[in-house]
1. Compute the distance in nm between two label points, each set 7 Å from the Cα along the Cα-to-Cβ direction, one at residue 37 and one at residue 13.
2. Relative contact order, percent, of the range 2-73 when contacts are C-alpha pairs under 8 Å separated by at least 6 residues?
């Protein structure tokens, strides 16, 4: 029954895409979406709609899915973003009324084969 298959699963089957596989977008066959200011529109070409670093438009038949063989068997460098929010409260308790310091840390790392290649940390203390 075709209707029981999700659109995402159907796309993956039809395109030979499997989880964590390498996908190639041939040069000249895709378009990178530009960031738009609030209220700025283009009827023919939409801007970015997410917080992803890149958004592209490409025809699904233009995708090249590589099987996990040879050079495509390795893991791609991944960018990992994590954040931590800590509150220092009275006597180890933290409630909105009693928190004196809110400490926020954002860490962005690029990891390849479990080795951290690059890492940057953004710190910010907010007193409330």
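1. About 4.8 nm, to one decimal.
2. Relative contact order for the range 2-73 comes out at 42 percent.
Throughout, read-outs are computed from the coordinates displayed, never taken from laboratory work. Note that the structure is a prediction, hence the values are computed from the model and not measured. Positions of Cβ are generated from backbone atoms using ideal geometry, with glycine treated the same way; all protein chains shown enter the neighbour counts.
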